[in-house]
Structure formats: structure tokens, C-alpha cells
1. Which one of the conditions (1) within 17 Å of the chain's Cα centre (by Cα); (2) more than 19 Å from Gly207 (Cβ to Cβ) does Leu109 fail to meet, given that it meets all the rest?
2. So, in the range 192-249, exactly how many residues are of a type in the set (Lys, Arg) and in contact with a Pro (Cβ under 8 Å, 6 or more places away or on another chain)?
3. Working only within the range 70-83, note down all residues that are within 25 Å of the chain's Cα centre (by Cα) and within 13 Å of Ser106 (Cβ to Cβ).
4. Which pairs do you get when a residue that is in contact (Cβ under 8 Å) with a residue 60 or more places away in the chain and outside any helix (DSSP H, G or I), found in the range 209-221, comes within reach of a residue that is of a type outside the set (A, V, I, L, M, F, W, C) and buried (at least 21 other Cβ atoms within 10 Å of the Cβ), reach meaning Cβ atoms under 7 angstrom, with the pair 6+ apart or on two chains?
5. Using the structure shown, decide if Ser211 is at pLDDT 95 or above and crowded, with 16+ Cβ neighbours inside 10 Å.
6. Could you grab me the full set of residues in the range 186-196 that are in contact (Cβ under 8 Å) with a residue 24 or more places away in the chain and farther than 18 Å from Gly146 by Cα?
7. Hey, could you check the range 149-201 for residues that are modelled with pLDDT of 50 or more, buried (at least 18 other Cβ atoms within 10 Å of the Cβ) and among the β-branched types (Val, Ile, Thr) and say which is farthest from the chain's Cα centre (by Cα)?
8. Testing Thr204 on (1) over 21 Å from Val113 (Cβ atoms); (2) modelled with pLDDT of 95 or more; (3) β-branched (Val, Ile, Thr), one condition comes back false. Which one is that?
Amino acid sequence: MRRLAIKLITVGIWICGGLLPIVCAWAAADYYCDTYYRREVQAQKFEQAFQPSPTDFVVDRGISFQTPFAIRNGYRERHQPASRVLISGPGGNGAAAVLGGYVLRSIGLPLRVPAHSVCASACVGMMLTAGNWTVDPDGFLLFHAGRRYVPPYEDCQPCTFLKEHWPYGNASTSTRRAMLGWANEVSPKLATFLNACSKNPLDTYEGIALSGRQIELIASAKNDFNCDDISNQDVHWLTSTGQVGKFIADD
């Protein structure tokens with residue numbers, strides 16, 4: 001019996017050893033095909049919803065200190081007058097976002113976060129600084145603890161006026177204070193909503209994504225959910241569930 005058992009175990013190991021690479025290859029192929037298909041579906045959903053018209057001015061890139069100049073130049077070089085700004089993006093540098101927001105404010109067009117897109121992190125600050133904004137019911141704002149901090153003002157000579165317009169300091173907690181300040185600008189009730197979470201999303205990189213519909217309910221005190229109820233709505237949830245079709249995580 002012992003010899004038979006050893007033989008059976010040996011055969012089993014041989015079979016598994018031979019089949020394992022095939023099984024692993026099949027599982028990997030299935031996973032990547034599924035991921036690719038899901039991303040394609042998301043992209044199609046985004047394109048269907050986004051559909052910028054010739055009179056839309058699109059701002060949808062990561063934010064750096066080149067962004068304000070890119071916005072200004074892009075608007076000046078348009079061949080057709082714009083009627084609104086479609087804004088989305090992964091965020092970036094908070095101080096640059098404020099500068100970009102002032103450029104957009106000077107342009108004077110209404111801003112819209114389209115359905116199935118997300119205005120994340122510093123993008124929220126740029127949107128709020130620009131003013132006259134709306135978020136589609138199925139568009140999202142992402143609040144989180146960012147990874148890019150505001151540089152010391154002396155490192156940005158053209159931006160010294162931000163000492164007045166950027167009251168959040170230069171410490172590592174700067175982005176948290178900025179995001180809380182921006183949440184408060186959206187609605188004081190939204191800031192209270194985030195602070196009531198057992199684990200404040202502003203203390204995590206994953207954060208929390210709120211749809212335009214949810215933001216409206218929170219701001220009007222008509223929400224029947226609390227922060228903990230939707231704490232799974234983070235940066236990974238946005239893409240894994242197909243809520244947005246175009247998003248690159250801020251790094």
C-alpha cells in the first residue's frame with residue numbers, strides 16, 4: 001500500500017507539474033483578456049458620454065507648472081470660439097492647479113465634469129478656482145491625500161502671489177488641508193461628510209470618489225448614506241467597476 005501511495009503521489013506530482021504551466025498560462029490569458037475587454041468597454045462608455053463638440057475646450061491632462069501656459073496657449077490657438085470647458089484629469093501639483101484655475105477664470109467659460117470622467121485631486125482645486133462649474137450626475141470628483149506636495153514658494157518665482165491664494169502651507173499635510181478646503185468650497189456639508197468617515201479618505205492615497213449626484217444629495221442634506229457606506233468608492237473602484245473610461249492615477 002505504501003508503495004502504491006508513493007507511486008500515486010509521484011504520478012500526481014508529474015501530472016500537476018505538466019499541467020500547471022498550461023493552467024497558469026490559461027488563467028493569465030483569461031485575466032488579461034478580461035482586463036483589456038473591460039478597459040475597452042470603459043473607454044467606449046467614456047467616448048460616448050464625453051463627445052466634445054467643436055465649441056468645447058477640453059482640459060483633461062495631469063497638472064504641472066506647464067499646465068497654465070498650455071491652457072492659455074491652447075485657448076488662444078483655437079480656430080473656433082469655445083462655449084464651455086470640459087474638465088477632467090488625474091490631478092497633479094496643487095499650486096499649478098490654482099494658477100490653471102485663474103487662467104480658466106480669465107477665459108470666463110462655464111466648466112463641466114462630463115459623465116464617466118473624473119476630476120481628481122488637484123483637478124478639483126483648478127475647477128473650483130476657475131468657478132462656474134458643474135459635475136454631471138455620473139461624473140466624479142476624487143478627494144484624497146495626494147503624493148505631490150506644493151513646492152516652497154521661493155522655488156517658483158513666477159508664483160509668489162500664491163502665498164496669498166494658497167493658504168495650506170508646504171508641509172507634508174498640505175494636500176490634505178487643501179483637499180479639505182476644496183471640499184468645504186464645494187459645500188461645508190461635504191467637508192463634514194468626509195470628516196465623519198471612520199477612516200478619513202483624505203488620509204489615504206486611494207481616497208473617495210463622489211459622483212455629481214451624490215455631491216448634490218450631500219450638499220442639500222438629502223443623502224440617505226454616510227461616508228462609511230460608500231468608503232469603497234476609491235481610485236481603484238473607479239476603474240475596476242467601469243465608472244470612468246479615462247483615468248491615470250496621480251503619481
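The values are calculated or read from the model by the stated rules, or taken from the named source; none is laboratory data. On a predicted model such as this, the values are computed, not experimentally measured, just so you know. Heads up, the Cβs are rebuilt from the backbone with ideal geometry, glycines too, and the neighbour counts pull from every protein chain shown.
1. (1)
2. Count: 1.
3. Scanning the range 70-83 gives Ile71, Arg72, Tyr75.
4. Qualifying pairs under 7 Å: Ala209/Gln233; Ser211/Gly139.
5. On the way: at pLDDT 95 or above: yes; crowded, with 16+ Cβ neighbours inside 10 Å: yes.
So Ser211 fits the description; yes.
6. Correct list: Val186, Ser187, Lys189, Leu190, Phe193, Ala196.
7. Val186
8. Just one mismatch for Thr204, condition (2).
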